[in-house]
Every structure is written in structure tokens, then in C-alpha cells.
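Trainee: Would you mind keeping the following structure in view while I ask a few things?
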Amino acid sequence: MPRKYLKGFSQLTIFPLTENTLEKYLVDAGIRIPSAQKLAKEIDSSEENIYADDEIWDVDKTVNGEKFTLTLKELPNDLRAKLEGGKYDAETKEYDFTTNDNAPEFACTYRGLLADGTYRMFRQYRCKVTKLKMDLETKGNGNNGAVEIEGMFMSRAYDNKLFTIKDTTAGNAELVWLDTIPTISTSTVTPGNPDQGQGE
């Protein structure tokens, strides 16, 4: 049986989130984020033990989302604005950030190379950056400079969907799945059947 362990990470793309309500879920066109090196994530949840008959009878668990840490080798200022929420002027090439700026929400897709040459693909439906860390180091101490971004993957309002995962088959024809995030509008979606009216 082919080995399916993860051994790569690439093709990170963000889709600015334009509407996230109980009735609609809409995103803009995808923007590729270059030089992705590493993505670490884990479920963020809270648990409460429920006791009965002098023992733990059940555990009430609430999933809040997924905390993530993203490492990039570089982060151009125009892309930094789309992640962090500052203002970038394409004419002057200046990036301004104020204490009043707030990071925008976006969806994203990415893929992990599997040992058998296929890919595990991911769609995250709502994301927000909470911290950005950049290390500057003198020349001659190695080429280890990178940008570390922390944030939260959250569920969308329409159906509380947090993420979707799909594996490709031999030939990897399904990689086009990463090019889009399905949108939802209740004007074309039948209640109870969210697959209707979605984008491809």
C-alpha cells in the first residue's frame, strides 16, 4: 500500500473574505503567497468534565478553531498589507501601519506533498492574522531570516465549516480544486442543501 505521510508544503493562496453571514459566504479572487516554508496548526478547544455517579460521565467539548503559525522566507510589503491590514501605496512603495489598523479576514488553500507523489489539499474557510514576527540578522551569520505569522483558522457563519481536506489521485489532475473557494448565496441555495448555488 502506498505511503501517505506528508513531506512537503506549497501553493499557499489567500482569498479575501468579502461577506460571511448566515445567508452568504463570498470571497474575492485568489492571491498567491510566495516563499511558504512551514505551516503548523492545532485545534483550539475548551473542555469541561460533566460528573455523575461519582465519575466523569461525559466531556463537553467546544472547538473554537485552529491556531496556526506560518513561516515565510520573505513577505513583500503589498502582501503584508493584505495579511496584516496596513496601507500599501503602490506608487511610493511605502507601507504604513497604525495602531487602529485591523487585520482582514480571508479564506485560503494550500497543499502538502505525500510520500507517494500525490497531494493532500486543504481549504480553510475563514482566517485572521494576529501576530507577525520578523527577525533581522547581520550578514555573515547565515541565511536564516524569515517571517513568522501567527493567527487563527475559524469557521464560517453559514454552516460552521472550518476546513475541507481532499487527496489527489495518481496524475494529480484534481489540483485545480485549490484554485477556488466555493461561495454561497441563499438566493440560490435550498435550505438543508448547501451544495446548491455554490461556486466551483
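Trainee: In the list Asn144, Asn172, which residue meets the criterion of being open to solvent by 70 Å² or more (accessible area, probe 1.4 Å) and either under 21 Å from Leu39 (Cβ atoms) or within 19 Å of the chain's Cα centre (by Cα) (or both)?
Mentor: Result of the check over Asn144, Asn172: Asn144.
Trainee: Also, I was wondering about something else. Name, by its number, the condition in (1) in a strand (DSSP E or B); (2) at pLDDT 95 or above; (3) open to solvent by 30 Å² or more (accessible area, probe 1.4 Å) that does not hold for Glu48.
Mentor: Glu48 satisfies every listed condition except (2).
Trainee: If you don't mind, there's one more thing I want to ask. Residues in segment 86-105: is at least one closer than 19 Å to Gln11 by Cβ and in contact with a Leu (Cβ under 9 Å, 6 or more places away or on another chain)?
Mentor: no
Conditions tested, residue by residue: (1) open to solvent by 30 Å² or more (accessible area, probe 1.4 Å); (2) in contact (Cβ under 8 Å) with a residue 60 or more places away in the chain; (3) part of a loop (DSSP other than H, G, I, E, B); (4) within 30 Å of Asn172 (Cα to Cα).
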| site | (1), (2), (3), (4) |
| --- | --- |
| Leu79 | no, no, no, yes |
| Glu91 | yes, no, yes, no |
| Tyr125 | no, yes, no, yes |
| Thr130 | yes, no, no, no |
| Lys139 | yes, no, yes, no |
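Trainee: Could you list, in sequence order, all residues of segment 93-123 that are acidic (Asp, Glu) and open to solvent by less than 70 Å² (accessible area, probe 1.4 Å)?
Mentor: Going residue by residue through segment 93-123, those that are acidic (Asp, Glu) are 94, 96, 101, 105, 116.
Once the filter is applied, which keeps residues that are acidic (Asp, Glu) and open to solvent by less than 70 Å² (accessible area, probe 1.4 Å), segment 93-123 yields Asp101, Glu105, Asp116.
The values are calculated or read from the model by the stated rules, or taken from the named source; none is laboratory data. A quick note: this is a predicted structure, and the numbers were derived from the prediction, not measured. Cβ coordinates were reconstructed from backbone atoms using ideal geometry, including for glycine residues, and neighbour counts include every protein chain displayed. Side chains included, ligands, DNA and RNA excluded: accessible areas come from the protein's heavy atoms. Shrake-Rupley method; radii C 1.70, N 1.55, O 1.52, S 1.80 Å.
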